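The values are calculated or read from the model by the stated rules, or taken from the named source; none is laboratory data. Quick caveat, the model's predicted, so the values are computed rather than measured. Virtual Cβ from ideal backbone geometry, glycine too; neighbours counted across all protein chains shown. Accessible surface is based on the protein model in full, side chains and every heavy atom, while ligands, DNA and RNA are left aside. Shrake-Rupley method; radii C 1.70, N 1.55, O 1.52, S 1.80 Å.
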Amino acid sequence: MKTPLDECMNLVELTEEFGSDDKCRLALEQLRWSKGPICPRCDSKATKIANRFQYDCDSCHYQFSVTAGTIFHDSHLSLWKWFLATYLITESRKGMSSNQLKRMLKVTYKTAWYLTHRIRAAMLEVAPEKLGGTVEIDETYVGGKARRWRPKSGQSRGYRHPAT
């Protein structure tokens, strides 16, 4: 099943697709439980509780929401702002400071700091694959013995590339 998050979005499309908490919650449910809600404690089937955004496990009777065990857990900030913050942080070319996020989302600095740290932590790879073989890195020297260069008489002390 194709979800709205399968394709690249711009800010206008994000606003149209996930402009409310209900839309965000529905998208999270589709992403997390494509075959129906599952209890995070015992992996059993769960039933939706009427008039609430929570589920009740059919076997252990644990009550949980779609945000349980995610970066959104225990947050009083609306899911819409979480989605917007995630979009802004991931689409920013040079990163985004907590102060910038604070101004854009109209939240406190403490909330913006919390958002940036939670989102960045979620973006880390759990077990990144190590590089192997020949690795080429532009304008970087790794290893080797450091050489000190002294100008000969009559030469300037300007920049000199260490390899020449």
What Kirkwood Rh does the range 3-55 have if only Cα atoms enter the pairwise 1/r average? Answer in Å. 12.6 Å
Taking every alpha carbon pair in the range 23-78 and sorting the distances into 5 angstrom bins from 0 up to the bin holding the longest one, the percent per bin comes out as 4, 21, 31, 28, 14, 3, 0
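Can you put W82, W113, W33 in order of accessible area, largest first, using a 1.4 Å probe? Please list the in-between numbers first.
Values: W82 0, W113 115, W33 30 Å².
Order by accessible area, largest first: W113, W33, W82.
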What do you get for Rg/Rh of the range 1-118 when both radii come from the Cα atoms and Rh is the Kirkwood radius? 1.01
Two-site label geometry, K23 and Q63: point separation in nm, points 7 Å out along Cα→Cβ: 2.9 nm
Rounded to the nearest 0.05, what FRET efficiency is calculated for Y87 and Q54 with R0 set to 25 Å and r the Cβ-Cβ distance? 0.40
How much net charge surrounds G36 when only the other residues with a Cβ under 14 Å from the Cβ of G36 are counted, with Lys and Arg +1 and Asp and Glu -1? 0
